[in-house]
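**Q** This is the structure I want to talk about, given as structure tokens.
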Ligand SMILES: NC(=O)c1ccc[n+]([C@@H]2O[C@H](COP(=O)([O-])OP(=O)(O)OC[C@H]3O[C@@H](n4cnc5c(N)ncnc54)[C@H](OP(=O)(O)O)[C@@H]3O)[C@@H](O)[C@H]2O)c1
């Protein structure tokens, strides 16, 4: 049996679907029992646990052959990242108690970067978990293609996408969450010893220009990318309600300046198969529902 956290989200959901397709038993770890209903209908066990509660997490992980750990995204962390430190501490203590056969933890491109930024949160997770006694795999994913869901309305209605990724001709490692879930499910079913790192991106790197032309193809209308000047980012993010925009801005700097990159570079990363166009078609369909 495999215990899957984040199952109501994109990557956790796909990981669980792949395991169920492979006739594996899945325990859906949810923080609200009602959200487990659709997974119970598919034959999953349900466990209720919050990422900050070690006891409920330990019960949710008990008896599992493998555990998939996904930290909830936090774009507006408190300085010093206390939120993620508390979750990593709870998860670590739960994993030590439950002793699953192996752990696959969703991490990120650039988790090893030394300059503080939003992705430091997943670096904190990796360092917190790497001394766990069971085999552990850090699945370091590229920029999610699904991040473009935020651009659908503006691309469709105004024909413009505001880009913080720049220059607009610079290729960015991106990946579809379906590819991430597939690889996570494969890893959970493998046997290894010690710590491993798997770095994952899509079939090819994507420039912001290509994001625009692909949206244009999918929507059947011209879509232009507009590079938003660095000097206006802070005001924009604060106007969206962020109280600590610095880590997000430094993450964007890291992609733009190239210091957020896979440890093994483009040559060493595993490549997914799902193309950007497939993801954008799906996002546009979702938006019109
Ligand atoms: N976006 C990117 O480009 C990128 C790149 C690399 C790595 N990542 C990492 O990917 C992860 C996000 O994956 P995703 O997009 O698949 O997530 P998602 O769709 O946003 O789903 C988040 C999941 O976390 C659950 N959750 C939230 N708060 C929780 C809590 N306190 N206790 C237990 N569960 C909780 C949610 O459950 P509810 O349904 O109850 O809310 C949901 O299942 C983050 O760790 C992020 O850092 C993102």
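**Q** So, in segment 171-185, of the ones that are in a loop (DSSP other than H, G, I, E, B) and more than 11 Å from the chain's Cα centre (by Cα), which residue ends up farthest from the ligand (Cβ to nearest atom)?
**A** 171
**Q** Would you confirm whether or not segment 117-128 contains a residue that is more than 15 Å from the ligand (Cβ to nearest atom) and in contact (Cβ under 8 Å) with a residue 40 or more places away in the chain?
**A** Checked segment 117-128: no residue is more than 15 Å from the ligand (Cβ to nearest atom) and in contact (Cβ under 8 Å) with a residue 40 or more places away in the chain.
**Q** With respect to residue 82, determine if the residue is within 9 Å of the ligand (Cβ to nearest atom) and out of contact with any helix residue (DSSP H, G or I) (no Cβ under 7 Å at 6 or more places or on another chain).
**A** no
**Q** Let me ask something else. State which residue is nearest to the chain's Cα centre (by Cα) when the search covers only segment 130-165 and only residues that are in contact (Cβ under 8 Å) with a residue 40 or more places away in the chain, assigned to a helix (DSSP H, G or I) and surrounded by fewer than 18 Cβ atoms within 10 Å (Cβ to Cβ).
**A** Among those that are in contact (Cβ under 8 Å) with a residue 40 or more places away in the chain, assigned to a helix (DSSP H, G or I) and surrounded by fewer than 18 Cβ atoms within 10 Å (Cβ to Cβ), it is 149.
**Q** Conditions first: (1) farther than 25 Å from residue 147 by Cα; (2) surrounded by 20 or more Cβ atoms within 10 Å (Cβ to Cβ). Residue 125 passes all but one, so which condition is the exception?
**A** Unmet for residue 125, out of (1) farther than 25 Å from residue 147 by Cα; (2) surrounded by 20 or more Cβ atoms within 10 Å (Cβ to Cβ): (1).
**Q** Sticking with this one: Any chance segment 71-79 includes a residue that's away from the ligand (no atom under 14 Å from the Cβ) and more than 18 Å from residue 132 (Cβ to Cβ)?
**A** Scanning segment 71-79 turns up at least one residue that is away from the ligand (no atom under 14 Å from the Cβ) and more than 18 Å from residue 132 (Cβ to Cβ).
**Q** Could you please find all residues in segment 32-54 being surrounded by 13 or more Cβ atoms within 10 Å (Cβ to Cβ) and either within 18 Å of residue 188 (Cα to Cα) or in contact with a helix residue (DSSP H, G or I) (Cβ under 9 Å, 6 or more places away or on another chain) (or both)?
**A** 39, 44, 45, 46, 47, 48, 49, 50, 51, 52, 53, 54
**Q** Within the group 137, 111, 94, 142, which residue is within 15 Å of the ligand (Cβ to nearest atom), out of contact with any helix residue (DSSP H, G or I) (no Cβ under 8 Å at 6 or more places or on another chain) and at pLDDT 95 or above?
**A** Answer to the selection: 142.
**Q** Here is a follow-up. Of all residues in segment 62-73, how many are within 20 Å of residue 85 (Cβ to Cβ) and crowded, with 16+ Cβ neighbours inside 10 Å?
**A** Final tally of qualifying residues: 4.
**Q** Could you list, in sequence order, all residues of segment 1-46 that are in contact (Cβ under 8 Å) with a residue 24 or more places away in the chain, more than 9 Å from the ligand (Cβ to nearest atom) and in a strand (DSSP E or B)?
**A** 2, 3, 4, 26, 27, 28, 45
The values are calculated or read from the model by the stated rules, or taken from the named source; none is laboratory data. Note that the structure is predicted; figures quoted are calculated from it, not measured. Neighbour counts run over all protein chains shown; Cβ positions are idealised from the backbone, glycine included.
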